[in-house]
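Presented below is the structure to which this report refers.
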Amino acid sequence: MQSRRSFLKWSALVGGASALGGGGLLLSRYPTGGAPAGVAGAGAAAAAGTRIVRTANTPECLHCALLAHVEDGRLVKVTGDPDFNILACARGISRIRQLYSPHRLKYPMRRAGRRGEDRWERITWEEALDTIAERYQRILEEDGNQAFLAFGGTGNWSSLSTGVRGLYSAFWNRFGGNTPIISQLCCASVSSGFNAIFGGARSEFRDDLVHSRLFLAWGNNPAVSNQGYMKNLFQAREEHGARLITIDPRLSETAALSDRWIQIRPGTDAAYALGMVKVLLDEGLFDEEYVRRFTNAPFLVRLGERGCDLQAESRGWPAGGETLPVDLRDLRLLTDGGSGPGSFVVWDEIGGRPVAPDTPGIRPALRGDYTIGGVRYQPVFEWMRANAARYTPEVVHRITGAPADSVAPVTREYAAVRPAAIIQNMAGAQRTDHGTLTVIGHLYLASLTGN
């Protein structure tokens, strides 16, 4: 049984860790008491009598490094930390308003009237913890630990889930566990898409974005919500004329700054991405050598028990959100019976035989139809072609509302430059129905072009 004393102990630990957030700012002084290297050069030098404190913006998804300017014990300004090449966004700068807001809660409050009357009374921390502990204990006894649904996002919750690793889970383990959510609102589709295509987590180095020659802000508004991206984008524009294309249902602040804006219906991004994939494949704009060497496009696959001709089969497949007239569970990759990347099989165009993909001196086939052991196999690349073939410019227009003649020019521009970046994370395009498919479409484009 969860005792009140035990609950109070763990609540104090979790509450203490949460308090580290300080209204969204994690604070730590410089060991020497001075500003970091580069601060003065960035125009953020401390005025006389001002102490600069290194901090991070936990409520912002990228947890940007910030500098807090403190005078007489009071926070007076927040700036980006130039040591981390950060341009502080509006959310980070505005933390000072939350910190000193007259509406900020500084002690526990309990509802004093009916719900919606907005009547509250101040209570002590002891009363608050007693009330919560008793309620938790009653739920545990009456409904079991599965009745606890715990979820969160960034902000102080991030301090618990990542800043103090394991403490959040340890708290719920005191009740025997809880009902978790599958993922979270922030970037669940991005995580799922990367797992599906790359087999693991993603990584991102924003400083590399400055080298990009083209940016696709896809359902993303970095001019407002991720200004760290915009800093690098503006630098790339100034240094080598990088262009910006925004694909978004609305004329956002980023779209207004773009060289081109493509307006589409919300939730139809995957169809537009597949239309671009079709152009890449039809016009031979993809990096064939990269695709052979660094993707699973050459891996042999069969559809059905004995295999089939994917190109012929796909001619009757409808485009859009309709269900395919095939069972995707019948799709099987050919392996040598082992496990791991080396166990898959490709067709070597040089030797004319099936081999492991890491066999030296081979040229894996991307196209073709091969019978092995009486079963018909084709490369994964053929499966991609069969799927993308349905998304003609006219079909893309019908589904997305975007001009039919917009798909090819955008695709050609994306394929013509290296490197190009798709800004997709923590944005609307992946926070809709079929968001994971949208992300997969983006990753198809990046994988086909080597971007």
Filtering segment 81-124 down to residues that are within 26 Å of Tyr229 (Cα to Cα) and without any contact (Cβ under 8 Å) to a residue 60 or more places away in the chain yields Asp81, Pro82, Asp83, Phe84, Gly92, Ile93, Ser94, Ile96, Arg97
Taking segment 335-350 and the residues there that are modelled with pLDDT of 85 or more and part of a loop (DSSP other than H, G, I, E, B), the one that is surrounded by the most Cβ atoms within 10 Å (Cβ to Cβ) would be Val345
The residue that is modelled with the highest pLDDT, considering only those in segment 351-405 that are buried (at least 21 other Cβ atoms within 10 Å of the Cβ) and among the hydroxyl-bearing types (Ser, Thr, Tyr), is Thr400
Ala223 passes all but one of the listed conditions (1) assigned to a helix (DSSP H, G or I); (2) more than 24 Å from Ala415 (Cβ to Cβ); the exception is number (1)
Requiring at least 2 residues that are at pLDDT 75 or above, the helices (runs of 4 or more DSSP H) wholly within segment 260-334 are 269-282, 288-294
All conditions in (1) farther than 12 Å from Ala421 by Cβ; (2) modelled with pLDDT under 90; (3) in a helix (DSSP H, G or I) are true of Asn232 except (1)
*Evaluate segment 201-214: report whether one residue or more is modelled with pLDDT of 85 or more, outside the structural domain of Ala147 (by TED's automatic domain parsing) and either at positive phi or in a strand (DSSP E or B) (or both).*
yes
Exactly one of Thr295, Thr268, Thr254 is hydroxyl-bearing (Ser, Thr, Tyr) and in contact with a strand residue (DSSP E or B) (Cβ under 6 Å, 6 or more places away or on another chain), and that one is Thr254
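Among Gly435, Gly368, which is closer than 18 Å to Trp218 by Cα and touching a helix residue (DSSP H, G or I) at 6+ places or on another chain (Cβ under 8 Å)?
Gly435
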When every residue in segment 344-358 that is free of Cβ contacts under 8 Å to residues at least 24 places away in the same chain and within 34 Å of the chain's Cα centre (by Cα) is compared, the one nearest to Arg376 (Cα to Cα) is Ala356
When segment 112-141 is checked residue by residue, the ones that are farther than 30 Å from Gly177 by Cα and in contact with a Pro (Cβ under 8 Å, 6 or more places away or on another chain) are Arg122
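On the given criteria, is Arg97 touching a Pro at 6+ places or on another chain (Cβ under 8 Å) and either closer than 18 Å to Gly49 by Cβ or part of a helix (DSSP H, G or I) (or both)?
In short, no.
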So, first residue in contact (Cβ under 8 Å) with a residue 40 or more places away in the chain in segment 233-244, second residue surrounded by 12 or more Cβ atoms within 10 Å (Cβ to Cβ) and among the acidic types (Asp, Glu), Cβ within less than 8 Å, six or more apart or across chains; the pairs are Arg243/Asp259; Arg243/Glu413
Here the residues within segment 367-407 that are within 22 Å of Leu437 (Cβ to Cβ) and hydroxyl-bearing (Ser, Thr, Tyr) are Tyr391, Thr392, Thr400, Ser406
Subset of segment 386-400, residues within 26 Å of Cys308 (Cβ to Cβ) and of a type in the set (Lys, Arg), comes to Arg390
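The values are calculated or read from the model by the stated rules, or taken from the named source; none is laboratory data. As the structure is a prediction and not an experimental result, all values here were calculated from the model. Glycine gets a Cβ as well: all are built from the backbone with ideal geometry, and neighbour counts include every protein chain shown.
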